[in-house]
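See below for the structure under consideration.
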Amino acid sequence: MADQLALGFADRHAGQEANLAAAVAVNRDYRAAAETAIAQLVRDGRPFTAEDVRKAVPKDVEPHSPNVLPSVLGTWAARRLIVPCGEYRSRRRSRRASRNRVWIAQKEALTPIE
């Protein structure tokens, strides 16, 4: 069972990395904008959601895929810079009331991010 779980996590992380690599292709600024927004939310030290990140990204910056933001959040979580602290149901129609996490900075992540 643990081997299957490890394989599943490896596949997920490989998919996240592939998605994020595509997000930095020419004229794709969404990843950088999302990373900047998350860094500010981490510095603020308050709980935040993907919706908070979306609101902080400039309106004219579009992701190449709807999976860029979840991949960025997943990468920050895997690096233990953010940790889940709750859940909520999305109000975005495209998410169909899916379960989403509320995030907060890991205590050690509150130091300035370069």
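Readers should treat all values here as calculations from the given coordinates under stated rules, not as data from a laboratory. Values in this document were obtained by computation on a predicted structure and should not be read as measured data.
Between Ser65 and Asp11, 0.36 nm times their residue separation minus their Cα-Cα distance comes to what? Intermediate values should be presented prior to the final figure.
Numbers: separation 54, 0.36 × 54 = 19.44 nm, distance 1.82 nm.
Answer, rounded to one decimal: 17.6 nm.
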(message) Using each residue's phi in the range 3-19, evaluate 6.51 cos²θ - 1.76 cosθ + 1.60 at θ = phi - 60° and report the 3J(HN,Hα) Karplus result to the nearest Hz, with x for Gly and Pro.
(response) 5, 5, 5, 4, 5, x, 5, 4, 5, 4, 5, 5, x, 4, 5, 5, 5
(request) Once every Cα of the range 1-81 carries one equal point scatterer and solvent is ignored, give the base-10 log of I(q)/I(0) from the Debye formula at q = 0.11, 0.17, 0.20 Å⁻¹, two decimals. (result) -0.31, -0.69, -0.89
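Compute the Kirkwood hydrodynamic radius of the range 51-93, taking the inverse of the mean of 1/r over all pairs of distinct Cα atoms, and give it in Å to one decimal. Display every interim value, and only then the final one.
Values: mean 1/r = 0.0832 Å⁻¹.
Value: 12.0 Å, from the Cα pair sum.
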